[in-house]
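Notes to accompany the following structure.
The values are calculated or read from the model by the stated rules, or taken from the named source; none is laboratory data. All of these numbers come straight from a predicted model, not from anything done at the bench. Don't worry about glycine lacking a Cβ; one is built from the backbone with ideal geometry, like all the others, and counts go over all protein chains shown. Just the protein is used for accessible areas: all its heavy atoms, side chains included, with ligands, DNA and RNA removed. Shrake-Rupley method; radii C 1.70, N 1.55, O 1.52, S 1.80 Å.
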Amino acid sequence: MPVSPVVPIHTRFAFAILAAVSFALATSAVLLADLMHLPAPCTLCILQRFIFLVFCFWAVCGVVIPGARHFWCVLLALTAACGLAAAGWQSWMEYAPDQVTECGFGEPALYEQLVNWLGAQWPSLFMVTGFCTQQDWYFLGLSLANWSILFFLGLLLAALLVFFMRK
């Protein structure tokens, strides 16, 4: 019998890696802002941090209950897609600030209400005081929102890989 070139990863281990990566991304966003003395984060920055943590939560659920792998992977994929949307929206706001209404003006949207509630519960992690159109830091020509797009895309592809991997 020929040996397969791709060795399947154990389901719990795959979910544990996804949880660790998403938690590391959320943590690195907070630490990077602190270490680089960046201005306070905006609503969409905080929303992306929260989405990384929600992704981590679903992945931990996959570690605890690996038998529902497909269910957790669907939740992971949907969560990563929401993160892609938030990061894409913020990237567009950074690219064309004159064409958008800044977050926080007018009646708050549902995601703004969620972020405001999170800020009231845990101000050191979720307090919003920045502007979404402000570009504070670049690495290799990409803003933090641009990097988030790449990370959420990677998490989405990884969730799909775990969904389709053999037992």
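Out of everything in the stretch 78-88 that is in contact (Cβ under 8 Å) with a residue 24 or more places away in the chain and surrounded by fewer than 20 Cβ atoms within 10 Å (Cβ to Cβ), what residue ends up being farthest from Arg12 (Cα to Cα)?
Step by step, filter the stretch 78-88, then rank; the result is Gly88.
Quick one: how many residues across the stretch 38-77 are under 18 Å from the mean Cα position of the chain (by Cα), β-branched (Val, Ile, Thr) and crowded, with 17+ Cβ neighbours inside 10 Å?
Looking only at that region, the number is 5.
Tell me the helices (runs of 4 or more DSSP H) entirely within the stretch 50-167 that contain at least 3 residues that are farther than 22 Å from Ala19 by Cβ, modelled with pLDDT under 90 and not aliphatic (A, V, I, L, M).
Helices (runs of 4 or more DSSP H) meeting the threshold: 69-95, 110-121.
Please verify whether Ala29 is open to solvent by 20 Å² or more (accessible area, probe 1.4 Å), part of a helix (DSSP H, G or I), touching a helix residue (DSSP H, G or I) at 6+ places or on another chain (Cβ under 7 Å) and at pLDDT below 90, treating the condition exactly as stated.
Answer is yes for this residue.
Only residues in the stretch 1-22 that are under 10 Å from Val60 (Cα atoms) and among the charged types (D, E, K, R) count as the first member; pair them with residues that are modelled with pLDDT of 50 or more and surrounded by 10 or more Cβ atoms within 10 Å (Cβ to Cβ), Cβ under 8 angstrom, at least 6 apart or cross-chain, and list the lot.
That search, which allows pairs on different chains as well, returns Arg12/Gly62; Arg12/Val63; Arg12/Pro66.
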